[in-house]
Each structure stands twice: as structure tokens, then as C-alpha cells.
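The values are calculated or read from the model by the stated rules, or taken from the named source; none is laboratory data. As the structure is a prediction and not an experimental result, all values here were calculated from the model. Reconstructed Cβ throughout: ideal geometry from the backbone, glycine too, with neighbour counts over all protein chains shown. Calculation scope for accessible area: heavy atoms of the full protein, side chains included, ligands and nucleic acids excluded. Shrake-Rupley method; radii C 1.70, N 1.55, O 1.52, S 1.80 Å.
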Amino acid sequence: MSEPDPHASVVAFFDRVVPFLSGQTTCEELAAQLGPSRSPPRRLLFYQRLMAANVRRILRAVFPVVADIIAHPERVGLATVTSWERLSSDFIAAHPTAHWSPNALGAAFPEYLEARVDLPRGLADLATWCLQLLAARTAEAGVGHLAAGVSAAHHRFDVARLTASLAEATPGAALREDLAAAARGPAIVLVAYRLPSGDVRVLRPDPFEVAALGLASGEVDRDALGALQVDRLADARGRLIALGLIIDAGECG
Amino acid sequence: MVLSGVGIGLRQEHWSVLPTVERQLDWLELVPENFVACGGKARRVLGACHERWPLGVHGVGLSPGGPDPLDSELLSGLGRLCDQLGVDTMTEHASWSRAHGRHFHDLLPLPLTEPAALHLAGRARAIRQALGRPLLLENITWYAAMPTGGEPVMTEGDWLTLVLSEADAGLLLDVNNVYVNALNHGLCPEAVLASLPLERTGRIHLAGHVERDGMLVDNHGAPVIEPVWKLFQSALRRTGPVPVLVEWDLEIPALDRVLDEADQARAILLDVANERARAASPKVS
């Protein structure tokens, strides 16, 4: 497969238009470099804004919980650090991806969040969880690359459907409530993801439920819980079984 | 596998109902990137559809007009899928999506210049050769004329004619894109249609669009509007019968609603076929 070398004017076009579409240069700079467009500047800006919107929407679709927290930090007792628009833009500038699948766009997002010392700790963990959920759901659908065009012009990839389901499966509101509750004082928030269904359960376990989980996982010896009331521990175990977080065989869900 | 009549896109929203639908449907078009390396439910649905209907593919990820080397892994996957499904023609867009190591996940226009046309044509030839099957390129929507760096500007019709002749490729005529482009750039849709290399048309796409901020946006998220149906009829009179696809990719309604659109397209297709048959038959005095 041989591809011809592009003409100098084609090379110049891409050299100039990529920074423009990436938001690094302005319409005026583009016009100075390549000559004016026959279209008004607002039409060229449409493309620049569309490309930024594509990144925001793809990342929001894959990382809905992270996007929620960045957009509404007050709900979890945090101060505003940045906007989703700015975070998406900074991320893609640092980690552009050449892969055709939008699902690959956020592969480095957890790593990027971890490196951002100005962001709340824990966002990288949530982002990693979102990626794991995405991977599990693509596996469940039997599709290796659930990609998506999410712009106005290009919706035919499947991530739009995938992420609609992801958003439904992701307990955005419930998690926010739990994180908000956690922000009022020390608390444990348990987010449980069940394979292969993809069901997500969120729970703020009380001490008896924590103990029951510890026992069920085999990590905690019953003798170590001697002071806990047996009947309340049994009740907690029952609640966890009913929620599907523990199965009767005693394994953690 | 020869396509004819009117098809719709294979979309996940319809996976559960499509394989058992009883209404007329002549063929299905899939976005092949969604099915390269697929298994499980996706493979089962695809298999069930493959048993019932001829399949066509419409690629969106190859970036035919881009400057970066073609993605050989994706090309290989697409070739394997086409072989498995018995698909004899590949389709893509007269656009680019990836440059300088960044994929923009959209269908972006090239400058309407001769060097850009020849660049796209050369890459289209390479795609055709790599896949070992004919290639149709779709006329895309373009919301702004890309700056040309001083190169003379061509009309879209002349530009596409040059691209397709140099690439030895066919035209996937998107009638809605003709309409949207014409109105967005103050042109007559019929004149734009007539300027395209319609003799190369191998397939027609139909879709809906929306108006945003004084501009028409091809979002594939609405019914086909009446002026586009009329333009479709006009196109068919020039191209003759070709496979037609109704695209609905955003805010996808129930399958029956999409099939209603397909029925309307089929009725027009039949009307035009009858017109042509009457015109071709000897007149009795």
C-alpha cells in the first residue's frame, strides 16, 4: 500500500489547521497563515468549538461521575478547582490520541488526573473505575471497540448508546448524595459493581454492615468482632444479601 | 452481495427487535468500526441480520483525506469483516479526521483545491487497493470553506468529480448533505446536485437535519424533510435506481418510525423506476 506525498499546499493546510482546530490559534491567525476563508469567521469557529465539544462529550460520556464532581464540587463539599470544559481541553492538549475509537480518547485520563496536584485526590480512582465499567460493558456487549462520533455530524459510532447505558448504570445522583454525606463527616462509601450485569449499587454501610462485609470476604476473624451484637450482625448480613452485595455462600458481591 | 431497494442503518437501539421484524426491509448498512473484533451479542445480532438481509458497510474512521499514514490495523480489520460478510463495496467519506497524531472524531472538510483533491484521490486509491474492493466516497457536509493557502478554489462538484475520477471511485450521494450545504452557502440545491458526478453514484443516503444559530446541521436526528424528498426524487431521475439508505443516528426512534421513512423512500424509488420504464417503452400511437 503506497500513499503519495501530499502537495506542499496540503502539508501547509494541515500544519495550520490542526492547531486551529485544537484551539491553539485563532481565526485571525489562521487567515494570516493560509489566507482568508470564503466563509465568515463564525463558520470556521464552529469547527473549532465542535472539536472541543467532541472531546468534552466523549470524556463526559466515559467519566460521568468525574464530570459531575468537577461541575458541582459543592455537592461533595469541595471548592471549585476548574471547569469540565477547561479540564477536557487541558487533558487533550497533553494527551492527544490518534486512535480512531473515541473509547480510547480517555485512556490516559486517570493518569492525568493523578498528576494534577490541584485536583481533589480520589478523582483518578473514580476515573479508573469508570474505565473499568466501560471495559466491562463493551465486553458484555461483545464489542471490542464501541466507538462513537458524538458531534452533530457524526453519531454513528456506538458510544452514544453505550454511554447512555453507562450513565444509567452509574449512580450519579446516589453517589453524589453519599459523597455529600461523607463530606459532612467521616464515612465509608461502598460502590459495588456486579459482573456480568453491570449493576451498580451504592451503600453507606453502618459498622455492622462493614463487619459483615469483612466476615464475608474472609478478611476478618469472627473472634475479632466479639463485642458486636450477634443479632445486629446477622441483620446487617441479611441486608447485604438482599442488596446482592453478599451471596449466601459467603462471598463478597 | 448486491444491494438494492431501501435499507436502514444497523443501530444498537434496534438490536433486540430488528432480527425478527416483519415489515419490508431490503438491506442493512453497518458502521464496520463497531464490528471489527466483535463477539458475543454483537456478533449474534450481526449473524442474525446477515442471514436475513444483504449488508453494506459505511466506514467513518479511516480519515481518507488526512495526512497521517492510513491505519493499517483498521484497514486489515475492515477487510476481514467485509470478507466475512460478503460485502463487495467499501464506502467512506470525502473528508479527513486524523492529522499529526490526533483523531478529531469527526468528518472534516478539505480545501476545495486541486492539490487537496489529488491528495484525497491518492489515498482513496490506496484504501481501495488495500481492501481489494470498489470504494464509494460520500459528499460530506461542510459548514465553512477551508482556507486554500492561495490555491484556486474549485466548486464542490468539480472537486468531487476530480477526486472520484482520479481515485477510480464511486459516489455515495448524500442528498441531505447536498441540501444542507446548498442552503448554508446560499446555493440552489438542484444546481449543486446537477454539478456532482452523478454518473458515478453507487448508493444514496437520506437523513434529517436541524437548524441551529441560522445554520442547517446534518445531525441525522430528525425525519427527512419534504424538500429533501423532492431532491431525492430528482437525484434518482438522474442516477437511475441505486441502493438507498435512510440514516437515523441521533435520538433514534422506534424501529417502526425508521421503517416508515424507508417505506417513503421506497415509494419514490418505485415511482421513478416506473417513470423510467414508461419513458423507455415504445410509444403506441
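One residue is enough: does segment B:237-247 have a residue meeting the conditions more than 30 Å from A:Arg38 (Cα to Cα), out of contact with any helix residue (DSSP H, G or I) (no Cβ under 9 Å at 6 or more places or on another chain) and outside any helix (DSSP H, G or I)?
yes
Going by the conditions given, is B:Ala207 among the small types (Gly, Ala, Ser), closer than 23 Å to B:Arg125 by Cβ and within 13 Å of chain A (Cβ to nearest Cβ)?
Against the criterion (among the small types (Gly, Ala, Ser), closer than 23 Å to B:Arg125 by Cβ and within 13 Å of chain A (Cβ to nearest Cβ)), B:Ala207 does not qualify.
Of the conditions (1) within 36 Å of the chain's Cα centre (by Cα); (2) part of a helix (DSSP H, G or I); (3) crowded, with 17+ Cβ neighbours inside 10 Å, A:Val10 clears all except one; give me its number.
If we test A:Val10 against (1) within 36 Å of the chain's Cα centre (by Cα); (2) part of a helix (DSSP H, G or I); (3) crowded, with 17+ Cβ neighbours inside 10 Å, just (1) comes out false.
Between residues in segment A:100-121 that are on the phi > 0 side of the Ramachandran plot and residues that are in a loop (DSSP other than H, G, I, E, B), which pairs lie under 9 Å by C-beta distance while being six or more apart or on different chains?
Pairs found: none.
State yes or no: is A:Ile69 within 12 Å of chain B (Cβ to nearest Cβ) and either open to solvent by 60 Å² or more (accessible area, probe 1.4 Å) or β-branched (Val, Ile, Thr) (or both)?
When the stated conditions are applied, A:Ile69 does not pass them.
Would you check if A:Ser101 is touching a helix residue (DSSP H, G or I) at 6+ places or on another chain (Cβ under 8 Å), modelled with pLDDT of 75 or more, among the polar types (S, T, N, Q) and under 30 Å from B:Asn181 (Cα atoms)?
Answer is yes for this residue.
Kindly evaluate A:Ile92 against the criterion of being touching a strand residue (DSSP E or B) at 6+ places or on another chain (Cβ under 9 Å), at pLDDT 85 or above and open to solvent by 10 Å² or more (accessible area, probe 1.4 Å).
yes
With (1) more than 7 Å from every other protein chain (Cβ to nearest Cβ); (2) of a type in the set (Ser, Thr, Tyr); (3) assigned to a helix (DSSP H, G or I) as the list, and A:Thr80 as the residue in question, which single condition is left unmet?
Failing condition for A:Thr80: (3).
Suppose we keep only residues that are more than 7 Å from chain B (Cβ to nearest Cβ) and among the hydroxyl-bearing types (Ser, Thr, Tyr) within segment A:23-46. Which one would you say is nearest to the chain's Cα centre (by Cα)?
Applying the filter and picking the extreme gives A:Thr25.
What is the number of the single condition among (1) surrounded by 14 or more Cβ atoms within 10 Å (Cβ to Cβ); (2) in a loop (DSSP other than H, G, I, E, B) that A:Val117 does not meet?
(1)
Does B:Ala145 satisfy the condition of being at pLDDT 95 or above, in contact with a His (Cβ under 9 Å, 6 or more places away or on another chain) and closer than 24 Å to A:Leu34 by Cβ?
Here the answer is yes, as B:Ala145 does meet what is asked.
With respect to B:Glu13, is the statement that it is closer than 28 Å to B:His93 by Cβ, at the interface with chain A (Cβ under 10 Å from one of its Cβ atoms) and in contact with a Lys or Arg (Cβ under 7 Å, 6 or more places away or on another chain) true?
Answer is yes for this residue.
For segment B:69-94, which positions are under 19 Å from B:Pro243 (Cα atoms) and polar (S, T, N, Q)?
B:Thr89, B:Thr91, listed by residue number.
Could you list, in sequence order, the residues of segment B:5-63 that are on the phi > 0 side of the Ramachandran plot and either under 18 Å from the mean Cα position of the chain (by Cα) or of a type in the set (Lys, Arg) (or both)?
Matches in segment B:5-63: B:Gly5, B:Ser63.
I'm checking my understanding of the structure. Among residues of segment B:53-102 that are open to solvent by less than 10 Å² (accessible area, probe 1.4 Å) and β-branched (Val, Ile, Thr), which one is nearest to the other protein chains (Cβ to nearest Cβ)?
Within segment B:53-102, the match that is nearest to the other protein chains (Cβ to nearest Cβ) is B:Val60.
Any idea which residue in segment B:244-256 is nearest to the other protein chains (Cβ to nearest Cβ), counting only those that are open to solvent by 20 Å² or more (accessible area, probe 1.4 Å), within 20 Å of the chain's Cα centre (by Cα) and of a type outside the set (Phe, Trp, Tyr)?
B:Leu250
Looking at segment B:143-177 only, could you name the residues that are hydrophobic (A, V, I, L, M, F, W, C) and away from chain A (no Cβ under 11 Å)?
Passing the criteria: B:Met154, B:Trp159, B:Leu160, B:Leu162, B:Val163, B:Leu164, B:Ala167, B:Ala169, B:Leu171, B:Leu172, B:Leu173, B:Val175.
How many residues does segment A:13-30 contain that are open to solvent by 60 Å² or more (accessible area, probe 1.4 Å) and touching a Lys or Arg at 6+ places or on another chain (Cβ under 9 Å)?
1
Among (1) of a type in the set (D, E, K, R); (2) open to solvent by 50 Å² or more (accessible area, probe 1.4 Å); (3) assigned to a loop (DSSP other than H, G, I, E, B), there is one condition B:Arg133 misses while meeting the rest; what is its number?
(2)
For segment A:43-55, state whether one or more residues are assigned to a loop (DSSP other than H, G, I, E, B), within 26 Å of B:Arg212 (Cα to Cα), open to solvent by 60 Å² or more (accessible area, probe 1.4 Å) and among the basic types (Lys, Arg).
No: zero hits.
Looking at B:Thr141, B:Thr155, which one is surrounded by fewer than 23 Cβ atoms within 10 Å (Cβ to Cβ) and polar (S, T, N, Q)?
B:Thr155
Quick one: how many residues across segment B:257-274 are charged (D, E, K, R) and either under 15 Å from B:Val242 (Cα atoms) or open to solvent by 80 Å² or more (accessible area, probe 1.4 Å) (or both)?
Final tally of qualifying residues: 3.
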